[in-house]
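Peer 1: One structure, as structure tokens, below. Some questions next.
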2 protein chains.
Amino acid sequence: MQAFTGQELSSKKVSYLKYIYMRGDLVKTTEIAARFDVAPSTVTKALGEIAKAGYIEHTPYHGVKLTPLGTEYARFLVRRHRIVALVLSHFGLTPEEACSEAEKIEQSFSKDLVDRICRSLGHPIMSVCGEIEHDHGCCSAGGHPV
Amino acid sequence: MQAFTGQELSSKKVSYLKYIYMRGDLVKTTEIAARFDVAPSTVTKALGEIAKAGYIEHTPYHGVKLTPLGTEYARFLVRRHRIVALVLSHFGLTPEEACSEAEKIEQSFSKDLVDRICRSLGHPIMSVCGEIEHDHGCCSAGGHPV
DNA sequence: ATAGAATTTAGATATATACCAAATTATGGA
DNA sequence: TCCATAATTTGGTATATATCTAAATTCTAT
């Protein structure tokens, strides 16, 4: 498995990548632009950069698709999001609040930090906005023994 | 009291402001530059912007000093830092780890979120890297009743 | 085959961060 | 006091991110 840090992509690119992952298969520029309320040209430029980084395959005029690396990375991004949302829910935020607040702060959580929180929580399988997948060595590897 | 959101200043500016607060009184450009390992000119520019925003008073060639607004804001920044560090410590991070990890993620925590976490924790007076001041209506005001 | 929709390209703007080199100001020692 | 040196600021440049508009290109469905 890759050694992600969680800081490979900027905040907006992470949002786009997660969206592409959730939508699955081929995703169109216009759809992403509509979802994030930005101009299509803004999305085109970002997609080009995400593609250059190897996370998606961009077929001009046709759409984007995750690469295997992108899929693996997106899985981490979603896990990070859900772990952070779960943590916030412990402070009394409703599932909706926890999810939207997580969206704002998750960007700065490193993979190592997420893994430690995950371990400390006993590798929960459910968050407030979906299941938490613990594939491979993910958060059980490294650091303190489980 | 002011209605801060926590996003008034960029990440680096927040770091500089917290440092100025901790150092107290008149702080010199070179000192800040040394502390953050950047060129003095980089600091000068940032200080100019922080001053324009009203948080510090910059006397060219002599140093900077917090304004009342800046002092109040810095107090919030320090409280935010300590609340976040305290939260991280609950997941098994040592005080040092919690403090340095908090430094990386606190920027994106809004005042509202900090206040909610603070309330949920029962307004703790101690964190892992110092005391937590709860002046004015701070985290007990607004939102759900305490 | 082509009009209209989708998309990309090109050119601008804005913010944040940072550097270097040159100019300016401050300050301490003779 | 005067000046050499240190500190600081200015001005110019650079990168990265994010965004837009307008024009050009490509796709697609009639």
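Peer 1: With a 10 Å cut-off between alpha carbons and a GNM built on chain B, which of B:Gly24, B:Gly70, B:Gly92 moves the most?
Peer 2: B:Gly92
Peer 1: Let me know the volume per residue of the alpha-carbon convex hull for segment B:28-146, in Å³.
Peer 2: On the way: hull volume 13.8 nm³, N = 119.
For segment B:28-146, the hull spanned by Cα atoms encloses 116 Å³ per residue.
Peer 1: Work out from phi, with θ = phi - 60° and the Karplus expression 6.51 cos²θ - 1.76 cosθ + 1.60, the ³J(HN,Hα) of each residue of segment A:59-74, listed in order in whole Hz, and give x for Gly and Pro.
Peer 2: The phi angles translate into 9, x, 6, 10, x, 10, 9, 5, 8, x, 4, x, 5, 5, 5, 4 Hz.
Peer 1: Near B:Leu26, within a Cβ-to-Cβ distance under 12 Å, what is the net charge of the other residues, with Lys and Arg +1 and Asp and Glu -1? Mind showing how you got there, number by number?
Peer 2: Working: positive: B:Arg23, B:Lys28, B:Lys65; negative: B:Asp25, B:Glu31, B:Glu57.
After counting each charged neighbour, the total is 0.
Peer 1: For segment A:11-66, how big is Rg over Rh, using alpha carbon atoms and the Kirkwood form of Rh?
Peer 2: Details: Rg = 9.6 Å, Rh = 10.7 Å.
Taking Rg over the Kirkwood Rh, I get 0.89.
Peer 1: What are the residues whose amide H is under 5 Å from the amide H of B:Thr67, where those residues sit 5 or more places off or on another chain and H is modelled from the backbone?
Peer 2: B:Ile56, B:Glu57
Peer 1: Then there's this: Identify, among A:Ser127, A:Thr5, B:Leu66, the residue whose Cα sits farthest towards the positive end of the charge dipole of the protein assembly as shown, taking +1 on the Cβ of Lys and Arg and -1 on the Cβ of Asp and Glu, with the dipole about the Cα centre.
Peer 2: B:Leu66
Peer 1: Springs between alpha-carbon atoms under 10 Å, Gaussian network over chain B: tell me which of B:Ala33, B:Ala98, B:Ala85 tops the mean-square fluctuations.
Peer 2: The residue with the greatest mean-square fluctuation here is B:Ala33.
Peer 1: Between copies, how far apart are the A:Glu49 label points? List them in nm, one decimal, shortest first, with each point 7 Å from Cα toward Cβ, please?
Peer 2: Its label point is 1.7 nm from the equivalent points in the other copies.
Peer 1: Hey, what did segment B:11-66 get for relative contact order, percent, Cα under 8 Å, at least 6 apart? Walk me through the numbers before you get to the answer.
Peer 2: Numbers: 50 pairs, mean separation 21.7, N = 56.
Taking the mean separation of contacting Cα pairs over the length of segment B:11-66, I get 39 percent.
Peer 1: Now for a different question. Placing a label point 7 Å from Cα toward Cβ, how far apart in nm is A:Leu121 from its equivalents in the other copies, listed shortest first to one decimal?
Peer 2: 1.7
Peer 1: Here's another thing I want to ask about it. Could you work out the helix-only [θ] at 222 nm for chain A, with each DSSP H run of four or more residues adding -39,500 (n - 2.57) and the total divided by the number of residues, to the nearest 500 deg cm²/dmol?
Peer 2: Working: 6 runs with 77 residues, N = 146.
Taken over chain A, the calculation gives -16500 deg cm²/dmol.
Peer 1: What does the convex hull of the alpha-carbon atoms of the protein assembly as shown project to on average, in nm²?
Peer 2: Details: hull surface 67.3 nm².
If you wrap the Cα atoms of the protein assembly as shown in a convex hull and average its projections, you get 16.8 nm².
Peer 1: With the label 7 angstrom out along Cα to Cβ, how close does B:Thr30 come to the same site in each of the other copies, in nm, nearest first?
Peer 2: Values, ascending and in nm: 6.2.
Peer 1: Does segment A:71-133 classify as rounded, prolate or oblate by the C-alpha gyration tensor (a ≥ b ≥ c root eigenvalues; a/c under 1.5 gives rounded; else a/b over b/c gives prolate, otherwise oblate)? Please list the in-between numbers first.
Peer 2: Values: a/c = 1.45, a/b = 1.27, b/c = 1.14.
It is rounded, given that a/c, with a ≥ b ≥ c, falls under 1.5.
Peer 1: Relative contact order of segment A:23-146, please, whole-number percent, based on alpha carbon pairs below 8 angstrom and at least 6 residues apart.
Peer 2: On the way: 123 pairs, mean separation 22.9, N = 124.
Here the relative contact order equals 18 percent.
Peer 1: Hey, another quick one. GNM, chain A, Cα, under 10 Å: largest mean-square fluctuation among A:Ala102, A:Ala46, A:Ala34?
Peer 2: Its mean-square fluctuation being the largest, the pick is A:Ala34.
Every read-out reported here was derived from the displayed coordinates using simple, explicitly stated rules and does not represent laboratory data. Only a predicted model underlies this, so the values are computations on that prediction, with no experimental measurement involved. Cβ coordinates were reconstructed from backbone atoms using ideal geometry, including for glycine residues, and neighbour counts include every protein chain displayed.
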